[in-house]
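See structure below.
Read the figures in this text as sums done on the coordinates, not as results from a lab. A quick note: this is a predicted structure, and the numbers were derived from the prediction, not measured. When we count neighbours, we look across all protein chains shown, and the Cβ atoms used for this are built from the backbone with ideal geometry, even at glycine.
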Amino acid sequence: MLKVKTKRTRTRATSTPVPTVALPGFRVQALPPDLEGDVRELYRICHPKWPEPPGPHFFAYPTVVAIADYPHNVVGYAQYAMNLDDAGHISVWLKDTCVAPEARGHGVARALMLERLRIGFEMGAVAALGMTQPENVAMLALLRSLHFDEREHFKRAYPAGEDGIFFGLSLATYRKGV
Ligand SMILES: CC(C)(COP(=O)(O)OP(=O)(O)OC[C@H]1O[C@@H](n2cnc3c(N)ncnc32)[C@H](O)[C@@H]1OP(=O)(O)O)[C@@H](O)C(=O)NCCC(=O)NCCS
């Protein structure tokens, strides 16, 4: 069993008491409305230089959360959107991913990714598309291990001016449980 003993050191007001992150296990599910404040707090921790998202943000883009079994708290989230192109093809756009610093390195981002691929696959998407920063070793490792193709580099692709690498994965060949 994995155990992360570090205490969360959050400085901003939260909608729930600041918990200890323990990670013997976690589950992934759609964001329940009462945990939106926790997700916002994680967003600020992961992206301190990005602007505060507008009110509907975490529901306008569907959000999946990883919840530690005990104590009950959000340890990560990821977002996505279903897109339809001019040719009538559906793709799943993989938006933001954020894992609490104390919970990193335990497969939370991987589980959040697999859940979004599962949803895209079940919705008939032909491709999954996403972007990450060139220096983001963990996200690059995850995308590459799932056989995403590196497609294009963009300058200043992110709100704080970070560059981005655009990746794609054909879901025609995707098998559940990769
Ligand atoms: C990027 C981030 C989401 C990764 O979350 P995580 O839960 O630690 O990732 P996981 O434990 O699922 O590991 C994912 C992969 O990265 C690898 N990895 C994890 N930490 C790593 C590190 N420090 N160095 C190198 N590789 C690492 C893992 O081995 C795994 O590889 P695999 O899929 O081949 O097994 C997390 O670091 C984070 O929230 N960062 C800040 C926000 C951010 O950068 N978001 C992504 C923007 S696109």
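Based on the alpha-carbon gyration tensor of region 25-178 and its eigenvalue square roots a ≥ b ≥ c, which shape applies: rounded if a/c is under 1.5, prolate if not and a/b is larger than b/c, or oblate? The partial results should precede the final answer.
Values: a/c = 1.42, a/b = 1.24, b/c = 1.15.
Cα axes put region 25-178 in the rounded bin.
Between region 72-139 and region 31-50, what is the C-alpha centre distance in whole Å?
So the two Cα centres are separated by 16 Å.
What trypsin sites (Lys or Arg not before Pro) in region 81-178 are in a loop by DSSP, with at most 12 other Cβ atoms within 10 Å of the Cβ? Can you show the working numbers first?
Working: sites: K95, R104, R110, R116, R118, R144, R151, K155, R156, R175, K176; in loops: R104, K155, R156, R175, K176.
Qualifying residues, ordered by number: K155, R156, R175, K176.
Loop only per DSSP, at most 13 neighbouring Cβ atoms within 10 Å: give me the GluC sites (Glu not before Pro) in region 94-129, ordered by residue number. Kindly include the intermediate steps, with their values, before the conclusion.
Details: sites: E102, E115, E122; in loops: none.
Of the GluC sites (Glu not before Pro), not one in the loops of region 94-129 has a Cβ with at most 13 other Cβ atoms within 10 Å.
Among S145, Y70, V28, which residue has its Cα furthest toward the positive end of the charge dipole of region 26-170, with +1 on Lys/Arg Cβ and -1 on Asp/Glu Cβ?
Result: S145.
Can you pull the one-decimal nm distance between simple spin-label points at R110 and K95, each 7 Å off the Cα toward Cβ?
2.6 nm
Just how large is the dipole of region 26-170 about the Cα centre, in debye to the nearest 20, putting +1 at every Lys and Arg Cβ and -1 at every Asp and Glu Cβ?
The dipole of region 26-170 has a size of about 180 debye.
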